[in-house]
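Read the structure below first, then the notes.
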Amino acid sequence: MRTLTSCCVAAIAAGYGFAAAACENPKVVSIPDGKTATMEQLLAAQGEVKSYMAAMQTYLDCLNQELDAQGEEAPAEFKRLMITRHDTGVSEMEGVAAAFNEQVKAYKAANPAPAAN
């Protein structure tokens with residue numbers, strides 16, 4: 001009986017896993033080193049970061065929709081998985097933003113604006 005119960009739980013979780021797999025986590029962008037990057041490289045990276053943020057927001061929305069679609073009947077494991085995926089995505093977004101901002105500061109330090117006369 002215990003084996004049958006374990007198999008049923010695994011099958012249910014796998015089904016929810018397929019639903020959650022529809023939400024595609026976007027690839028993290030590469031950010032150039034601000035000390036050596038050109039302004040053009042930083043501007044290109046800024047565009048990539050903006051695209052990444054939009055794609056990540058779509059991913060987070062998808063996770064929320066999947067969780068909402070399952071409702072209260074969803075197994076606790078599924079709810080924990082979706083919440084963990086959401087929280088990890090938010091942390092990743094914050095990390096990308098912080099890394100980009102750090103490299104902009106490094107660029108500005110390596111390329112100070114000319115002094116105004």
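The values are calculated or read from the model by the stated rules, or taken from the named source; none is laboratory data. The shown structure was predicted, so the numbers you read here are calculated from the model rather than taken from an experiment. Here Cβ is always computed from backbone atoms with ideal geometry, including for glycine, and neighbour counts include all displayed protein chains.
Output the qualifying pairs, or none if there are none: Cβ atoms under 6 angstrom, residues six or more apart or on different chains, first residue in the stretch 54-76 and among the polar types (S, T, N, Q), second residue surrounded by 13 or more Cβ atoms within 10 Å (Cβ to Cβ).
Sorted first by the residue in the stretch 54-76, then by its partner, the list stays empty.
Look through the stretch 85-117, keep the residues that are modelled with pLDDT of 95 or more and of a type in the set (S, T, N, Q), and return whichever of them is farthest from Asp61 (Cα to Cα).
Gln103
Residue-by-condition table, conditions (1) within 22 Å of Glu48 (Cβ to Cβ); (2) part of a helix (DSSP H, G or I):
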| site | (1), (2) |
| --- | --- |
| Arg80 | no, yes |
| Val90 | yes, yes |
| Asn101 | yes, yes |
| Lys105 | yes, yes |
| Pro114 | no, no |
